[in-house]
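Single-structure report; data block below.
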4 protein chains.
Amino acid sequence: MSRIRLGMVGGGSDAFIGAVHRIASRIDDHYELVAGALSSTPERSKESGAALGLDPARTYGSFDEMAEAEAARDDGIEAVSIVTPNHMHYPAARAFLSRGIHVICDKPLTATDDHADAMAQAVADSDALFVLTHNYTGYPMIRQARDMVAAGTLGQIRIVQMEYPQDWMMGSPEQDGVKQAEWRTDPERSGAGGAIGDIGTHAFNLGGFVTGLTATELAADLHSFGKGRVLDDNAHIMLRFEGGARGMLWCSQVAAGCENGLRLRIYGEKGGLEWGQEDPNYLWFTPQGESTRRITRNGPEASEASTSVSRIPPGHPEGYLEGFANIYTEAAAAIRAVQGGESRDAVMGKLPGIRAGLEGMAFIRACVASSKGNAAWTKI
Amino acid sequence: MSRIRLGMVGGGSDAFIGAVHRIASRIDDHYELVAGALSSTPERSKESGAALGLDPARTYGSFDEMAEAEAARDDGIEAVSIVTPNHMHYPAARAFLSRGIHVICDKPLTATDDHADAMAQAVADSDALFVLTHNYTGYPMIRQARDMVAAGTLGQIRIVQMEYPQDWMMGSPEQDGVKQAEWRTDPERSGAGGAIGDIGTHAFNLGGFVTGLTATELAADLHSFGKGRVLDDNAHIMLRFEGGARGMLWCSQVAAGCENGLRLRIYGEKGGLEWGQEDPNYLWFTPQGESTRRITRNGPEASEASTSVSRIPPGHPEGYLEGFANIYTEAAAAIRAVQGGESRDAVMGKLPGIRAGLEGMAFIRACVASSKGNAAWTKI
Amino acid sequence: MSRIRLGMVGGGSDAFIGAVHRIASRIDDHYELVAGALSSTPERSKESGAALGLDPARTYGSFDEMAEAEAARDDGIEAVSIVTPNHMHYPAARAFLSRGIHVICDKPLTATDDHADAMAQAVADSDALFVLTHNYTGYPMIRQARDMVAAGTLGQIRIVQMEYPQDWMMGSPEQDGVKQAEWRTDPERSGAGGAIGDIGTHAFNLGGFVTGLTATELAADLHSFGKGRVLDDNAHIMLRFEGGARGMLWCSQVAAGCENGLRLRIYGEKGGLEWGQEDPNYLWFTPQGESTRRITRNGPEASEASTSVSRIPPGHPEGYLEGFANIYTEAAAAIRAVQGGESRDAVMGKLPGIRAGLEGMAFIRACVASSKGNAAWTKI
Amino acid sequence: MSRIRLGMVGGGSDAFIGAVHRIASRIDDHYELVAGALSSTPERSKESGAALGLDPARTYGSFDEMAEAEAARDDGIEAVSIVTPNHMHYPAARAFLSRGIHVICDKPLTATDDHADAMAQAVADSDALFVLTHNYTGYPMIRQARDMVAAGTLGQIRIVQMEYPQDWMMGSPEQDGVKQAEWRTDPERSGAGGAIGDIGTHAFNLGGFVTGLTATELAADLHSFGKGRVLDDNAHIMLRFEGGARGMLWCSQVAAGCENGLRLRIYGEKGGLEWGQEDPNYLWFTPQGESTRRITRNGPEASEASTSVSRIPPGHPEGYLEGFANIYTEAAAAIRAVQGGESRDAVMGKLPGIRAGLEGMAFIRACVASSKGNAAWTKI
């Protein structure tokens, strides 16, 4: 099976996440990067393209140019990865969706609600797939956790504890020339959410992905500890879910000693689960009245939900890039399936798409509104 | 130095915490248990006294009888430990305080606010000491954490994450004859707080003890998951502190896999600390921009604050009983000091007393009020 | 039941292990320390006795004096704890054994083989009990491990990995005035073994205690890394057991970052167990082809072997002192039983005694001989 | 820069390690797999090639055919990965080396010493590079550990503890149709070493890589616990190093609960290091007299030695495949360098090659000889 021809918008040399997408696309060998509009300035874009070995003729100065040119080629890109700051997600995605090119887009969906609505419309108007890289859903043991909850192993879910602390925004990196911090702290490019948009959405998405529960309302206390920082860098959130479960979500970018401490703890009538992103090959499971078990990826109690997205034996750790690659690999299968005539809805499976994106935007919107109302309960 | 003559109210054979107090009182050899009113029924009290080797003449049928008789003896008790269910704390304490006998009382302070006020008055009216066994403050690494915060090692505190999950109230132990569960789920004996009174107060107290910060308001979402349970068995709480710090507190008694998961994470402008009760000999410290360090009890970076309350070398674990014993040992020193003529206020040092008790009651009251108001912000 | 009247030889203010014995003797309230010969110099002994609140008339200048005087009293000591450097174990023990006073003695048994033989004779000639404080056998989860092996849960044992690394002898503490290091590095007082005697015997004893296997031969490579140090401070040992199991033992006192890293890993045909002294409340159990389980002290899969020697609920850690106290408590029961007329052999139960002591001496002897023979296989 | 054209010998659908090599070769985008002799039977080879999307014309029935045909093409492979059972390493490697095609070969070097000698000759006779995939040397924190030792951070090295336990050979997988177990337990295909060849060589190699020390002699006690198993499945080994360091190596394939427990602990005069393969993003460092520090990959105390081979931020775990990819990426750089005219010796850098392979064979040979001599000390 030949590789899917892939383009990329954003992801030049300064960027972190572009390289991640490229590696993720290569790991299972389903994509070939053949075109790019890798930077907002044409010169930088050319330089980055050259560094990646792209054909100079397919290194474009803008995503519009790229969309038009690639759509006109017989060997044009079949899919595009959008890895820009948030405010560019929608215009870039629209350019490709409108031409029937599949889109794999970084999260959160957009910087503004207007863009989110427009994005939803653009997806609706297109036949192309829209995949949002909520990459943590690709971790094998997250798949197993979801499967266990769905199978009723925990009984009815009661408590959902989510957290995602980091520490890289201690001090003032946005004033010290750290590009990653600059745009993330700028409402124009990032949107109304700081930590909640950047990492809170991940934790929120993951809680919903694993439990299958819909959060109905939240009370959020957002705060900015960084000097002169406008957007939140710490958020305390209480949540209520359909069916009566309660939860908490803490995200922070100023918690010393926390690197990417995404962690999920779920408790039901019959048992509990615990998982942490920094040690992702283990799922800790406690059936009520029994000892806690360390279920290992591809180990003796790993289920098909996790083994089917694992590559190597237990004890040989897979990590962040492999989890990310699972999203790309499932997107490739979905792309091949729609190319083969299957319906778009039928192929999305567990892949996060426009709905997850809109849920994330609703989460950000509710957090900001709640916090403005002194952490009043707010419908999501 | 001769041992302090100690009595005990409560703590018969069914009880868990009475035995803990007795061991704690013995570890550093400052007390001799010589009298008891160990149960609410005289027969049981006699039996328990005999099992403990008490003089039958000093095994009493009630705390009133004991207070009167012991106060009249030349060799009467100097101090009494009160380890009954919450609703008996005040009447028992008053009986001894009013006779000048020092009181070491289990937490929370009382079952009701009326009792709490009366207890405060009884303490004010007495010359005797009143010590509340917020025992977790006795852990050496908690002492070191408090000291580091006070010394400014973390800079201004920004975030205080407290949690105390358990799982022993999954199912319906109160209907299955578990005495510990029976009174704890009964508002008459336990008071208005379930999990928040039993374990939430511990987490709240510890957060304040270590940071030195006063929590000013909270928003609490209490819930009872246990069938037919009136009092909360799970609580999600957001907090705000004087000086701008924010925090969260989660306590639960229905979280499968959690035994006594009391955990504290504190983040300031310059660093972070993490400590867990189940692994109490380590304090994890991250100075901003450096690696996380595992500070061990009595190890190379242990400070006087922790080494002064440690007994054995690093790597030989001390545990819950030793931390509890530190409270008893410091209470002994305080008792000897007031007996020697020092003022009561001067000798309390780090010992939790009536103020900590009233703060705990205020916490419970605020939680219940907030939760009734749909988690509205409520002054503490 | 009245307390057993206890004396102590050694354990003055400079000593570490004396205080441990005293606390261990108090925890479960079976002993009362009433007499002591706490130091090798009479003045120091008096001072230490005063600090402990002993009756000056029963604070003796030597163990001989104490043995004679106490044996003559109606209320004389019933048992004595011997916590001197190794070379004094035998003369002290003999003085009491010969007078029918029960002996609780620190390990290793003696400094020399001659003393060991004499000690065996002294025990044989006496009706009194002789208990050797191989205290790690008192840890509840070690009891459970032993029980699981005995029940066949692991099938036939194949591999026994023992280790006990420390780091406190890095540098030259024996030249810097550290008393603990001085006598431990002095062959006159410590015997032929350095690390192997001090901590290797513990690991060796524990491996045998848990597996029930007898080690038949070993090959040992002893080494002294410390400048000018005569006795070993690091030992690598291979072992063979009756029935075909193989094992390794590593002990070291110069391994930076190791405090008291005693650890045991046991593998059989049907499963494996892992336990570490620094985190002693957990036993990690892997049945073949299943996930690893974290069995907690007093938790859902704790067996009677461990719960019977536990005091507090799971998640509230017990530590080194409680494990040590279990030896004292079982010794108290044995003492009361022989006082009540039971035979000495019948009451020892799991208590380590003269046999464990002789096995430890045989281990040291074999290690030294093997190492002199360039790690030749040597019968134990 | 265009990709290096890569062929593969072995690695058909049954194999585990072939897929690992392919992913590792893709992660940093330096290779394109264009040819293969993927199985020992031509039909299977064709099927596997088709499954991988190889040009059928370049899917060969044997490595000889492939070597000849590819060497004759203008666009023939520049490098070949050899991922067969051990006994095929030499004949396959020779076929390519003799044609100037660079070889990336799985370990151990060969099944027999004769083959090892012949391999050394074949490498000497060729201008092509020979890289042996001791992949664990590619882990970033292993690089940092090596760097710290070389910089003298630990002072002179005293103790080297190596271990690699697994449990997948409990029971009799080689009799249950597990291909991986079949050839590994067959001396014809695997060579004289069982566990020592398969995983012991990894631990041995890693100890030498990090410490820079040469092991001079060893005493090995090999054993087969598996029913009817000829080759060792458990090995206890003591080692002595140039300069006086001592060490131990334990490897096992029958230790329940161990998946790929490769672990390295190194102690010097001034500090200690600990690293485990199952949690590879952390390096635990203890400077003498200070607290242990958790150094994280790409974190605040990560050095250039580790950051230069890392891809993503700290807290986002990299794993086994990324470590393996580092070997491929450094091999690509070396290949491009020799193609650009640099000398073969100059470009190998930290890459394991023929010398590491011969050292591994010497280790296996010494282990087997020593064990036959009842664990006599044997020169390596």
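Each value in this text was obtained by applying a stated rule to the coordinates, not by laboratory testing. Keep in mind that what you see is a predicted model, and the values were worked out from it rather than measured. Backbone-built Cβ (ideal geometry, glycine too); neighbour counts: all protein chains shown.
Computed packing ranks the peptides D:135-143, C:34-42 as D:135-143, C:34-42, most packed first, by mean other Cβ atoms within 10 Å.
Here the Karplus curve 6.51 cos²θ - 1.76 cosθ + 1.60, taken at θ = phi - 60°, turns the phi angles of the stretch B:182-196 into couplings of 4, 6, 5, 9, 9, x, 4, 9, 9, x, 6, x, x, 4, 5 Hz, with x standing for Gly and Pro.
Filter A:K107/A:K379; B:K46/C:K350; D:K107/D:K350; B:K46/B:K227; C:K179/C:K227; A:K107/A:K179 down to the pairs with a C-alpha to C-alpha distance above 27 Å, please. Flagged as over cut-off: B:K46/C:K350; B:K46/B:K227.
With R₀ set to 30 Å, the beta-carbon distance separating D:A369 from C:T216 gives a calculated FRET efficiency near 0.80. For the protein assembly as shown, rounded, prolate or oblate, judged on the Cα gyration tensor with a ≥ b ≥ c (square roots of eigenvalues), a/c < 1.5 rounded, else prolate if a/b > b/c? Oblate, because a/c is 1.5 or more while a/b does not exceed b/c.
Over the stretch C:4-128, what is the relative contact order in whole percent, taking alpha-carbon pairs under 8 Å and six or more residues apart? Relative contact order, the stretch C:4-128: 24 percent. With each label modelled as a point 7 angstrom along the Cα→C-beta vector, the B:D345-A:E290 pair spans 5.9 nm.
Axis between C and A by rotation; chain C residue with nearest Cβ and distance in whole Å recorded as C:R293, 3.
Counting Cβ atoms of other protein chains within 10 Å of each Cβ in A:242-251 and taking the mean gives 3.
Evaluating 6.51 cos²θ - 1.76 cosθ + 1.60 at θ = phi - 60° for every residue in the stretch A:31-36, the Karplus couplings come out as 9, 10, 6, 10, 8, x Hz, glycine and proline recorded as x.
Here the label points at B:K379 and C:Q121, each 7 Å from Cα along the C-beta direction, are separated by 8.4 nm in the simple model. Between the Cα long axis of helix B:17-27 and the first principal axis of chain B there is an angle of about 90°, rounded to the nearest 10.
Only Cα pairs under 8 Å and 6+ residues apart enter the sum, and on that basis the relative contact order of the stretch D:81-138 stands at 39 percent. The alpha carbon radius of gyration of the stretch D:170-279, expressed as a multiple of 2.2 N^0.38 Å, is 1.16. Shortest first, D:G243 label-point distances to identical copies amount to 4.3, 4.9, 6.0 nm, with the label point at 7 Å from Cα along Cα→Cβ.
How big is the Kirkwood radius of chain D, worked out from every pair of different alpha carbons and given in Å to one decimal? Evaluated over chain D, this radius sits at 21.2 Å. Helix C:320-339 axis versus longest C-alpha principal axis of chain C: approximately 60°, rounded to the nearest ten. Electrostatic bookkeeping for C:A235 treats Lys and Arg as +1 and Asp and Glu as -1; over the other residues with beta carbon under 10 Å from its beta carbon, the sum is -2. Under 5 Å from the amide H of B:S39 lie the amide H atoms of B:G10, B:S45, each residue being 5 or more positions distant or on a separate chain, with H modelled from the backbone and absent for Pro and chain starts. Averaged over peptide D:267-274, the number of partner chain Cβ atoms lying within 10 Å of each residue's Cβ comes to 5. Here the stretch C:275-309 and the stretch D:268-340 have alpha carbon centers that stand 33 Å from each other.
For the stretch C:4-128, the spherically averaged projection of the C-alpha convex hull amounts to 7.0 nm². So what is the calculated 222 nm ellipticity per residue for the protein assembly as shown, using -39500 (n - 2.57) for each DSSP H run with n of 4 or more, over all residues, to the nearest 500 deg cm²/dmol? For the protein assembly as shown, the value works out to -10000 deg cm²/dmol. Note: relative contact order over the stretch B:279-380, using C-alpha pairs below 8 Å and six or more positions apart, is 14 percent. Per-residue shielding of B:316-329, expressed as the average number of other chain Cβ atoms within 10 Å of the residue Cβ, stands at 6. When both bridge partners sit in the protein assembly as shown, DSSP labels roughly 60% of those beta bridges antiparallel.
Under the classification rounded if a/c is under 1.5, otherwise prolate if a/b is larger than b/c and oblate if not, where does the stretch D:308-368 fall, given a ≥ b ≥ c as square roots of the Cα gyration tensor eigenvalues? Note, shape of the stretch D:308-368 comes out oblate. Helix D:354-372 axis versus longest C-alpha principal axis of chain D: approximately 60°, rounded to the nearest ten. When C:F16 is represented by a point 7 angstrom out along its Cα-to-C-beta vector, the spacings to that point in the other copies are 3.3, 4.3, 4.3 nm, nearest first. Here the stretch C:102-125 and the stretch C:155-230 have alpha carbon centers that stand 19 Å from each other. Scanning residues 5 or more positions from C:G257 or on other chains, none has an amide H under 5 Å from its amide H, with H placed 1.01 Å from N in the peptide plane. Computed from backbone phi, the HN-Hα couplings of the stretch A:342-350 come to 6, 6, 4, 5, 5, 9, 5, x, 7 Hz, rounded to whole numbers (Karplus: 6.51 cos²θ - 1.76 cosθ + 1.60, θ = phi - 60°; Gly and Pro given as x). In whole angstrom, how far apart do the alpha carbon centroids of the stretch A:344-377 and the stretch D:32-47 sit? Taking the Cα centre of the stretch D:32-47 as reference, the centre of the stretch A:344-377 is 48 Å away.
For the stretch B:337-380, the convex hull spanned by the alpha carbon atoms encloses 64 Å³ per residue. Beta-bridge orientation, chain A: approximately 60 percent antiparallel, per DSSP, counting only bridges with both partners inside.
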